[in-house]
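One structure below.
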Amino acid sequence: MYVCVCKAVTDSQLDAAIARGLCSRKQLFHCFGVGGDCGKCNKDIARILTDKSAGRLRQAANDRQ
């Protein structure tokens, strides 16, 4: 699904970038240009970052057990 229509960036592209270590809207902006034109994607980008970071924290906690 397209997250940023202005730059034609999909959720899969963002997921892959986050998996490679990008962890902020600023980094995603520099990589893809998302969030800089109309700004409608900023909420979705923030949600994706939050969901992915929460998932990594859960995984890290499970790995410690």
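No lab work stands behind these numbers, since they all come straight from the coordinates. All of these numbers come straight from a predicted model, not from anything done at the bench. A quick note on method: Cβ atoms are made from the backbone with ideal geometry, for glycine too, and the neighbour counts reach across all protein chains shown.
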Bins of 10 Å from zero: percent of alpha-carbon pairs in the chain: 22, 52, 18, 7, 1
Packing-wise, with mean Cβ within 10 Å as the measure, how do 43-50, 32-39 rank, highest first? 32-39, 43-50
